[in-house]
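**Q** First the structure, which I've put down as C-alpha coordinates, then a few questions once you've had a look.
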Amino acid sequence: MTAAPAMTSCTRPTPSGRVYNFSAGPAGMPEPVLRQLQEDLWDLRGSGIGIMEHSHRGAVYDAINAEAHEWCRKAGRVPADWEVILMPGGATVQQAYLPFNFLPAGRTADYPDTGIWTTKAISEGRKAAAMLGAHIHVAFEGSRLKYTRVPKDGEMSQTPNAAYLHYCSNNTVFGTRYPTTPVTTAPLVCDASSEYFARPVDWDRHVMLYGGGQKNLGPSGISLVLVKKDFLATANPALPTMMSFAAHAAGESRLNTPPTFGVHAMGLMFRWIAAQGGPEALERAAIDKSGLLYDAIDSSNGFYTGLAERWCRSFMNVSFRLPTPELDARFVKEAAAHGMDGLTGHRDAGGIRASIYSAFPREGCVALAQFMRDFAGRNS
Ligand SMILES: *Cc1c(COP(=O)(O)O)cnc(C)c1O
(Lines give C-alpha, C1' and ligand atoms only; values in the text may rest on other atoms or scores of the structure.)
Protein backbone atom coordinates (compact mmCIF):
# COMPACT_ATOMS: atom_id res chain seq x y z
CA MET A 1 0.00 0.00 0.00
CA THR A 2 1.17 3.53 -0.69
CA ALA A 3 1.44 5.73 2.37
CA ALA A 4 -1.08 8.54 2.78
CA PRO A 5 0.42 12.04 2.66
CA ALA A 6 1.64 13.06 6.11
CA MET A 7 -0.50 15.55 8.01
CA THR A 8 1.16 18.81 8.92
CA SER A 9 2.02 18.66 12.57
CA CYS A 10 -0.11 20.68 14.93
CA THR A 11 -1.18 20.88 18.53
CA ARG A 12 -3.69 18.19 19.55
CA PRO A 13 -5.83 20.07 22.04
CA THR A 14 -8.33 17.37 23.05
CA PRO A 15 -7.68 14.97 25.95
CA SER A 16 -7.91 12.02 23.55
CA GLY A 17 -5.26 13.48 21.22
CA ARG A 18 -7.58 14.34 18.37
CA VAL A 19 -8.05 17.80 16.85
CA TYR A 20 -11.17 19.96 16.93
CA ASN A 21 -12.90 19.11 13.66
CA PHE A 22 -15.00 22.03 12.33
CA SER A 23 -15.68 20.25 9.04
CA ALA A 24 -19.08 20.87 7.39
CA GLY A 25 -19.38 17.16 6.65
CA PRO A 26 -18.49 14.42 6.97
CA ALA A 27 -18.17 15.77 10.48
CA GLY A 28 -16.82 14.61 13.82
CA MET A 29 -18.61 11.85 15.69
CA PRO A 30 -18.87 11.28 19.44
CA GLU A 31 -15.80 9.45 20.72
CA PRO A 32 -17.73 6.68 22.55
CA VAL A 33 -19.59 5.89 19.31
CA LEU A 34 -16.31 5.67 17.38
CA ARG A 35 -14.80 3.38 20.02
CA GLN A 36 -17.84 1.08 19.87
CA LEU A 37 -17.64 0.98 16.07
CA GLN A 38 -13.96 0.10 16.28
CA GLU A 39 -14.85 -2.93 18.38
CA ASP A 40 -17.85 -3.92 16.25
CA LEU A 41 -15.81 -3.80 13.08
CA TRP A 42 -13.78 -6.68 14.51
CA ASP A 43 -16.34 -8.73 16.41
CA LEU A 44 -20.00 -7.74 16.59
CA ARG A 45 -21.69 -8.75 19.84
CA GLY A 46 -19.52 -11.81 20.35
CA SER A 47 -20.46 -13.34 16.98
CA GLY A 48 -16.83 -13.60 15.86
CA ILE A 49 -17.81 -11.65 12.72
CA GLY A 50 -17.53 -7.89 12.20
CA ILE A 51 -20.42 -5.60 11.24
CA MET A 52 -19.13 -5.21 7.67
CA GLU A 53 -19.08 -8.99 7.21
CA HIS A 54 -22.49 -10.06 8.51
CA SER A 55 -25.20 -11.13 6.06
CA HIS A 56 -27.89 -8.50 5.80
CA ARG A 57 -30.48 -11.30 6.06
CA GLY A 58 -28.96 -12.98 9.11
CA ALA A 59 -30.26 -12.89 12.68
CA VAL A 60 -27.47 -10.63 13.96
CA TYR A 61 -28.15 -8.00 11.33
CA ASP A 62 -31.94 -8.40 11.81
CA ALA A 63 -31.41 -7.10 15.34
CA ILE A 64 -29.04 -4.29 14.26
CA ASN A 65 -31.54 -3.09 11.64
CA ALA A 66 -34.57 -3.30 13.93
CA GLU A 67 -32.74 -1.50 16.76
CA ALA A 68 -31.53 1.29 14.48
CA HIS A 69 -35.15 1.96 13.43
CA GLU A 70 -36.42 1.77 17.04
CA TRP A 71 -33.74 4.06 18.40
CA CYS A 72 -34.38 6.49 15.58
CA ARG A 73 -38.00 6.79 16.72
CA LYS A 74 -36.97 7.20 20.36
CA ALA A 75 -34.14 9.66 19.70
CA GLY A 76 -36.09 11.87 17.29
CA ARG A 77 -39.54 11.43 18.91
CA VAL A 78 -40.87 10.23 15.55
CA PRO A 79 -44.66 9.70 15.76
CA ALA A 80 -46.16 6.24 15.15
CA ASP A 81 -47.93 7.38 11.97
CA TRP A 82 -44.58 8.14 10.30
CA GLU A 83 -42.29 5.70 8.50
CA VAL A 84 -38.57 5.53 9.25
CA ILE A 85 -36.41 4.68 6.23
CA LEU A 86 -32.62 4.31 6.31
CA MET A 87 -31.86 4.70 2.65
CA PRO A 88 -28.66 4.33 0.64
CA GLY A 89 -27.32 7.52 -0.94
CA GLY A 90 -27.07 11.02 0.49
CA ALA A 91 -29.52 13.88 0.67
CA THR A 92 -29.03 14.71 -3.01
CA VAL A 93 -30.36 11.27 -3.91
CA GLN A 94 -33.56 12.00 -1.98
CA GLN A 95 -33.82 15.41 -3.67
CA ALA A 96 -33.84 13.64 -7.03
CA TYR A 97 -36.42 11.02 -6.02
CA LEU A 98 -38.78 13.42 -4.23
CA PRO A 99 -40.70 14.79 -7.27
CA PHE A 100 -40.95 11.35 -8.86
CA ASN A 101 -42.71 10.11 -5.75
CA PHE A 102 -44.87 13.10 -4.86
CA LEU A 103 -45.30 15.47 -7.82
CA PRO A 104 -48.15 14.24 -10.07
CA ALA A 105 -48.58 15.41 -13.69
CA GLY A 106 -50.09 18.86 -14.00
CA ARG A 107 -49.28 19.85 -10.40
CA THR A 108 -46.75 22.35 -9.01
CA ALA A 109 -44.31 22.06 -6.11
CA ASP A 110 -42.97 25.19 -4.40
CA TYR A 111 -39.24 25.52 -3.64
CA PRO A 112 -37.91 28.60 -1.81
CA ASP A 113 -34.24 29.03 -2.75
CA THR A 114 -32.09 29.76 0.31
CA GLY A 115 -28.66 28.49 -0.76
CA ILE A 116 -26.66 25.90 -2.64
CA TRP A 117 -28.62 22.86 -1.52
CA THR A 118 -32.04 24.25 -2.41
CA THR A 119 -30.62 25.52 -5.72
CA LYS A 120 -29.57 21.95 -6.46
CA ALA A 121 -32.95 20.60 -5.36
CA ILE A 122 -34.63 23.06 -7.74
CA SER A 123 -32.46 22.12 -10.68
CA GLU A 124 -33.00 18.39 -10.05
CA GLY A 125 -36.70 19.06 -9.46
CA ARG A 126 -37.00 20.80 -12.84
CA LYS A 127 -35.51 17.83 -14.67
CA ALA A 128 -37.97 15.50 -12.95
CA ALA A 129 -40.88 17.89 -13.52
CA ALA A 130 -40.09 18.03 -17.25
CA MET A 131 -40.35 14.23 -17.43
CA LEU A 132 -43.48 14.17 -15.31
CA GLY A 133 -45.37 17.01 -17.02
CA ALA A 134 -45.38 18.92 -13.73
CA HIS A 135 -43.90 22.23 -12.51
CA ILE A 136 -41.43 23.63 -10.01
CA HIS A 137 -42.11 27.13 -8.70
CA VAL A 138 -39.29 29.09 -7.02
CA ALA A 139 -41.19 30.63 -4.10
CA PHE A 140 -38.32 32.84 -2.87
CA GLU A 141 -35.17 34.03 -4.63
CA GLY A 142 -32.50 34.13 -1.94
CA SER A 143 -29.75 34.72 -4.51
CA ARG A 144 -30.92 38.37 -4.75
CA LEU A 145 -29.90 38.79 -1.10
CA LYS A 146 -26.72 36.76 -1.51
CA TYR A 147 -28.39 34.16 0.70
CA THR A 148 -27.86 36.25 3.83
CA ARG A 149 -31.29 35.31 5.13
CA VAL A 150 -34.31 33.04 4.72
CA PRO A 151 -37.78 34.36 3.76
CA LYS A 152 -39.85 36.06 6.41
CA ASP A 153 -43.43 34.95 7.05
CA GLY A 154 -45.63 36.02 4.15
CA GLU A 155 -42.67 36.74 1.88
CA MET A 156 -42.85 33.57 -0.22
CA SER A 157 -44.96 33.50 -3.37
CA GLN A 158 -46.88 30.30 -2.89
CA THR A 159 -48.87 28.29 -5.43
CA PRO A 160 -52.45 27.55 -4.34
CA ASN A 161 -52.85 23.79 -3.94
CA ALA A 162 -49.13 23.05 -4.37
CA ALA A 163 -48.29 19.33 -4.18
CA TYR A 164 -45.73 20.19 -1.50
CA LEU A 165 -43.33 22.93 -0.43
CA HIS A 166 -39.69 21.92 -0.19
CA TYR A 167 -37.41 23.93 2.09
CA CYS A 168 -34.07 23.51 3.85
CA SER A 169 -34.36 24.26 7.57
CA ASN A 170 -30.64 24.97 8.04
CA ASN A 171 -28.55 26.27 5.16
CA THR A 172 -25.18 24.64 5.64
CA VAL A 173 -23.20 26.79 3.23
CA PHE A 174 -24.35 30.31 4.15
CA GLY A 175 -25.15 29.62 7.80
CA THR A 176 -28.82 30.61 7.91
CA ARG A 177 -31.73 28.84 9.56
CA TYR A 178 -35.50 29.18 9.61
CA PRO A 179 -36.12 30.26 13.22
CA THR A 180 -39.65 28.79 13.01
CA THR A 181 -41.43 26.41 10.64
CA PRO A 182 -42.36 28.32 7.45
CA VAL A 183 -46.01 29.39 7.27
CA THR A 184 -47.63 27.68 4.30
CA THR A 185 -50.79 25.85 3.31
CA ALA A 186 -48.85 23.23 1.33
CA PRO A 187 -47.57 20.01 2.92
CA LEU A 188 -43.97 20.64 4.02
CA VAL A 189 -40.97 18.59 2.93
CA CYS A 190 -37.78 19.50 4.77
CA ASP A 191 -34.14 18.96 3.86
CA ALA A 192 -32.98 18.54 7.45
CA SER A 193 -29.46 17.35 6.58
CA SER A 194 -27.49 19.78 8.69
CA GLU A 195 -29.91 20.05 11.61
CA TYR A 196 -31.33 16.55 11.91
CA PHE A 197 -32.52 15.74 15.46
CA ALA A 198 -30.81 18.95 16.61
CA ARG A 199 -34.14 20.79 16.77
CA PRO A 200 -37.63 19.62 17.61
CA VAL A 201 -39.90 18.95 14.59
CA ASP A 202 -43.38 20.37 14.13
CA TRP A 203 -44.76 16.98 13.04
CA ASP A 204 -48.28 18.22 12.27
CA ARG A 205 -46.98 20.68 9.69
CA HIS A 206 -44.61 18.35 7.83
CA VAL A 207 -45.14 15.31 5.63
CA MET A 208 -41.51 14.37 5.04
CA LEU A 209 -37.99 15.06 6.27
CA TYR A 210 -34.79 13.76 4.78
CA GLY A 211 -31.09 14.27 5.20
CA GLY A 212 -27.70 12.71 4.66
CA GLY A 213 -26.13 11.11 7.72
CA GLN A 214 -22.72 12.76 7.76
CA LYS A 215 -23.54 15.94 9.69
CA ASN A 216 -25.57 15.16 12.79
CA LEU A 217 -26.24 11.44 12.37
CA GLY A 218 -22.81 9.94 11.72
CA PRO A 219 -21.93 8.14 8.50
CA SER A 220 -22.04 9.39 4.88
CA GLY A 221 -23.60 7.49 2.00
CA ILE A 222 -26.83 6.83 3.88
CA SER A 223 -29.82 9.05 4.54
CA LEU A 224 -32.61 9.16 7.03
CA VAL A 225 -36.00 9.62 5.37
CA LEU A 226 -39.01 10.20 7.62
CA VAL A 227 -42.36 10.27 5.89
CA LYS A 228 -45.92 10.44 7.12
CA LYS A 229 -47.78 7.23 6.30
CA ASP A 230 -50.90 8.86 4.80
CA PHE A 231 -48.71 11.05 2.56
CA LEU A 232 -46.65 8.03 1.52
CA ALA A 233 -49.89 6.34 0.47
CA THR A 234 -50.32 9.07 -2.19
CA ALA A 235 -46.93 8.34 -3.83
CA ASN A 236 -46.59 7.32 -7.47
CA PRO A 237 -47.01 3.50 -7.46
CA ALA A 238 -45.43 3.02 -10.91
CA LEU A 239 -41.83 3.91 -10.03
CA PRO A 240 -38.82 1.64 -10.40
CA THR A 241 -38.53 -0.08 -7.03
CA MET A 242 -35.27 1.55 -5.88
CA MET A 243 -36.75 5.02 -6.45
CA SER A 244 -39.87 4.35 -4.42
CA PHE A 245 -39.94 5.50 -0.79
CA ALA A 246 -42.92 3.20 -0.24
CA ALA A 247 -40.93 0.20 -1.44
CA HIS A 248 -38.00 1.05 0.84
CA ALA A 249 -40.38 1.37 3.79
CA ALA A 250 -42.14 -1.91 2.99
CA GLY A 251 -38.75 -3.59 2.54
CA GLU A 252 -37.55 -2.58 6.05
CA SER A 253 -34.77 -0.43 4.56
CA ARG A 254 -33.16 -3.44 2.87
CA LEU A 255 -34.55 -3.80 -0.62
CA ASN A 256 -31.07 -4.69 -1.81
CA THR A 257 -27.88 -5.12 0.22
CA PRO A 258 -28.01 -2.08 2.53
CA PRO A 259 -25.00 -0.10 3.76
CA THR A 260 -24.85 -2.29 6.85
CA PHE A 261 -21.99 -0.46 8.53
CA GLY A 262 -23.76 2.88 8.02
CA VAL A 263 -27.02 1.55 9.43
CA HIS A 264 -25.22 0.28 12.54
CA ALA A 265 -23.30 3.56 12.91
CA MET A 266 -26.56 5.51 12.69
CA GLY A 267 -28.16 3.16 15.20
CA LEU A 268 -25.36 3.95 17.68
CA MET A 269 -25.74 7.67 16.94
CA PHE A 270 -29.49 7.44 17.68
CA ARG A 271 -28.71 5.87 21.06
CA TRP A 272 -26.21 8.66 21.73
CA ILE A 273 -28.75 11.35 20.74
CA ALA A 274 -31.36 9.81 23.04
CA ALA A 275 -28.83 9.73 25.89
CA GLN A 276 -28.11 13.46 25.37
CA GLY A 277 -31.82 14.21 25.90
CA GLY A 278 -33.00 14.27 22.27
CA PRO A 279 -33.62 17.22 19.93
CA GLU A 280 -34.76 19.65 22.64
CA ALA A 281 -31.56 19.19 24.66
CA LEU A 282 -29.36 19.22 21.57
CA GLU A 283 -30.97 22.46 20.39
CA ARG A 284 -30.27 24.06 23.79
CA ALA A 285 -26.67 22.90 23.60
CA ALA A 286 -26.38 24.24 20.04
CA ILE A 287 -27.70 27.67 21.08
CA ASP A 288 -25.09 27.77 23.83
CA LYS A 289 -22.20 26.56 21.65
CA SER A 290 -22.98 28.82 18.66
CA GLY A 291 -23.57 31.71 21.07
CA LEU A 292 -19.93 31.51 22.18
CA LEU A 293 -18.83 32.12 18.59
CA TYR A 294 -21.47 34.73 17.73
CA ASP A 295 -20.43 36.64 20.86
CA ALA A 296 -16.83 36.65 19.63
CA ILE A 297 -18.04 38.00 16.26
CA ASP A 298 -20.36 40.65 17.72
CA SER A 299 -17.87 41.92 20.30
CA SER A 300 -15.00 42.27 17.80
CA ASN A 301 -15.74 45.92 16.85
CA GLY A 302 -16.28 44.88 13.26
CA PHE A 303 -13.10 42.78 12.85
CA TYR A 304 -15.35 39.78 12.22
CA THR A 305 -18.50 40.17 10.11
CA GLY A 306 -21.20 37.52 10.30
CA LEU A 307 -22.45 36.42 6.85
CA ALA A 308 -26.04 35.74 7.97
CA GLU A 309 -28.60 38.24 9.30
CA ARG A 310 -28.83 37.90 13.06
CA TRP A 311 -32.47 36.81 13.34
CA CYS A 312 -31.87 33.73 11.21
CA ARG A 313 -28.37 32.70 12.24
CA SER A 314 -27.60 28.98 12.13
CA PHE A 315 -26.79 27.14 15.35
CA MET A 316 -24.83 24.55 13.34
CA ASN A 317 -22.76 26.50 10.79
CA VAL A 318 -21.28 29.77 12.04
CA SER A 319 -20.13 31.80 9.02
CA PHE A 320 -18.12 35.00 9.11
CA ARG A 321 -15.36 36.85 7.38
CA LEU A 322 -12.35 38.93 8.36
CA PRO A 323 -11.44 42.34 6.88
CA THR A 324 -9.54 40.80 3.92
CA PRO A 325 -9.30 37.40 2.17
CA GLU A 326 -5.61 37.35 3.16
CA LEU A 327 -6.58 37.56 6.82
CA ASP A 328 -9.20 34.81 6.26
CA ALA A 329 -6.42 32.58 4.94
CA ARG A 330 -4.03 33.41 7.77
CA PHE A 331 -6.78 32.79 10.33
CA VAL A 332 -7.43 29.30 8.92
CA LYS A 333 -3.73 28.45 8.85
CA GLU A 334 -3.01 29.62 12.39
CA ALA A 335 -6.14 27.95 13.75
CA ALA A 336 -5.01 24.68 12.15
CA ALA A 337 -1.66 24.97 13.93
CA HIS A 338 -3.65 25.22 17.18
CA GLY A 339 -5.48 21.97 16.43
CA MET A 340 -8.62 23.52 14.91
CA ASP A 341 -9.30 21.98 11.52
CA GLY A 342 -11.78 22.55 8.69
CA LEU A 343 -12.53 26.26 9.09
CA THR A 344 -12.33 27.35 5.44
CA GLY A 345 -15.70 28.64 4.21
CA HIS A 346 -17.47 26.99 1.28
CA ARG A 347 -16.03 28.17 -2.04
CA ASP A 348 -19.32 29.88 -2.93
CA ALA A 349 -19.64 31.76 0.37
CA GLY A 350 -16.00 32.55 1.11
CA GLY A 351 -14.74 33.57 4.55
CA ILE A 352 -14.73 31.20 7.50
CA ARG A 353 -17.26 28.55 8.46
CA ALA A 354 -17.20 26.79 11.81
CA SER A 355 -19.49 23.78 11.64
CA ILE A 356 -20.44 22.64 15.11
CA TYR A 357 -22.92 19.80 14.80
CA SER A 358 -24.41 17.90 17.71
CA ALA A 359 -21.30 15.81 18.41
CA PHE A 360 -18.96 18.80 18.35
CA PRO A 361 -17.66 19.41 21.90
CA ARG A 362 -18.41 22.69 23.70
CA GLU A 363 -14.70 23.01 24.67
CA GLY A 364 -13.89 23.33 20.96
CA CYS A 365 -16.17 26.38 20.74
CA VAL A 366 -14.56 27.87 23.83
CA ALA A 367 -11.13 27.32 22.24
CA LEU A 368 -12.15 28.87 18.93
CA ALA A 369 -13.80 31.89 20.59
CA GLN A 370 -10.59 32.48 22.56
CA PHE A 371 -8.50 32.10 19.42
CA MET A 372 -10.77 34.60 17.60
CA ARG A 373 -10.24 37.19 20.36
CA ASP A 374 -6.46 36.67 20.36
CA PHE A 375 -6.24 36.80 16.58
CA ALA A 376 -8.32 40.01 16.38
CA GLY A 377 -6.13 41.58 19.08
CA ARG A 378 -2.96 40.75 17.16
CA ASN A 379 -4.25 41.83 13.74
CA SER A 380 -6.50 44.88 14.17
C1 LIG B 1 -24.66 18.22 3.01
C2 LIG B 1 -26.02 18.62 2.54
C3 LIG B 1 -26.61 18.02 1.41
C4 LIG B 1 -25.90 17.01 0.54
O5 LIG B 1 -25.87 15.78 1.13
P6 LIG B 1 -25.23 14.50 0.42
O7 LIG B 1 -25.39 13.50 1.49
O8 LIG B 1 -23.81 14.82 0.09
O9 LIG B 1 -26.02 14.19 -0.79
C10 LIG B 1 -27.90 18.40 1.07
N11 LIG B 1 -28.57 19.33 1.80
C12 LIG B 1 -28.01 19.92 2.86
C13 LIG B 1 -28.78 20.94 3.63
C14 LIG B 1 -26.72 19.59 3.27
O15 LIG B 1 -26.17 20.18 4.34
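The values are calculated or read from the model by the stated rules, or taken from the named source; none is laboratory data. Fair warning: this is a prediction, and the values are worked out from it, not measured in the lab. Glycine gets a Cβ as well: all are built from the backbone with ideal geometry, and neighbour counts include every protein chain shown. In case anyone asks, the SASA skips ligands and DNA or RNA and just uses the protein heavy atoms, side chains included. Shrake-Rupley method; radii C 1.70, N 1.55, O 1.52, S 1.80 Å.
**Q** If you take the residues in the stretch 158-195 that are without any contact (Cβ under 8 Å) to a residue 40 or more places away in the chain and open to solvent by less than 10 Å² (accessible area, probe 1.4 Å), which one is nearest to Thr114 (Cα to Cα)?
**A** Ser169
**Q** Only one residue in Ala130, Ala162 is over 30 Å from Arg284 (Cβ atoms), in a loop (DSSP other than H, G, I, E, B) and more than 13 Å from the ligand (Cβ to nearest atom). Which one?
**A** From the options Ala130, Ala162, the qualifying one is Ala162.
**Q** Now for a different question. Among (1) in the same structural domain as Asn101 (by TED's automatic domain parsing); (2) under 24 Å from Tyr357 (Cβ atoms); (3) open to solvent by 20 Å² or more (accessible area, probe 1.4 Å), there is one condition Asp295 misses while meeting the rest; what is its number?
**A** (1)
**Q** A further question follows. Taking the stretch 318-346 on its own, how many of its residues are within 17 Å of the chain's Cα centre (by Cα), at negative phi and open to solvent by 20 Å² or more (accessible area, probe 1.4 Å)?
**A** Total meeting the criteria: 1.
**Q** Say whether the condition of being closer than 27 Å to Met242 by Cβ, more than 13 Å from the ligand (Cβ to nearest atom) and assigned to a helix (DSSP H, G or I) is met by at least one residue in the stretch 142-155.
**A** Taking every residue of the stretch 142-155 in turn, none turns out to be closer than 27 Å to Met242 by Cβ, more than 13 Å from the ligand (Cβ to nearest atom) and assigned to a helix (DSSP H, G or I).
**Q** Okay, next question. Six or more apart or on different chains, Cβ under 7 Å: which pairs go from a residue in the stretch 125-145 that's in contact (Cβ under 8 Å) with a residue 40 or more places away in the chain to one that's outside any helix (DSSP H, G or I)? Could you list them?
**A** Every condition considered, the pairs that remain are Gly125/Ala109; Gly125/Tyr111; Gly125/Ile136.
**Q** If you scan the stretch 128-160, which residues turn out to be among the basic types (Lys, Arg) and either within 20 Å of Thr92 (Cβ to Cβ) or more than 23 Å from the chain's Cα centre (by Cα) (or both)?
**A** Arg144
**Q** Looking at Ala359, Ala349, Ala286, can you tell me which residue is in a helix (DSSP H, G or I), in contact (Cβ under 8 Å) with a residue 24 or more places away in the chain and buried (at least 18 other Cβ atoms within 10 Å of the Cβ)?
**A** From the options Ala359, Ala349, Ala286, the qualifying one is Ala286.
**Q** Which one of these is open to solvent by 10 Å² or more (accessible area, probe 1.4 Å), within 25 Å of Met266 (Cα to Cα) and in the same structural domain as Asp81 (by TED's automatic domain parsing): Arg149, Arg199, Arg205?
**A** Arg199
**Q** Of all residues in the stretch 35-75 being open to solvent by less than 10 Å² (accessible area, probe 1.4 Å) and β-branched (Val, Ile, Thr), which is farthest from the chain's Cα centre (by Cα)?
**A** My answer is Ile51.
**Q** Select from the stretch 105-123 the residues that are open to solvent by 60 Å² or more (accessible area, probe 1.4 Å) and more than 11 Å from the ligand (Cβ to nearest atom) and list them in ascending order.
**A** Ala105, Arg107 - these are the residues of the stretch 105-123 that are open to solvent by 60 Å² or more (accessible area, probe 1.4 Å) and more than 11 Å from the ligand (Cβ to nearest atom).
**Q** Kindly evaluate Ala250 against the criterion of being within 15 Å of Val78 (Cβ to Cβ), modelled with pLDDT of 95 or more, more than 16 Å from the ligand (Cβ to nearest atom) and aliphatic (A, V, I, L, M).
**A** no
**Q** Are any residues in the stretch 76-100 assigned to a helix (DSSP H, G or I) and either buried (at least 24 other Cβ atoms within 10 Å of the Cβ) or within 16 Å of the ligand (Cβ to nearest atom) (or both), and if so, which ones?
**A** Correct list: Gly76, Ala91, Thr92, Val93, Gln94, Gln95, Ala96, Tyr97, Leu98, Pro99.
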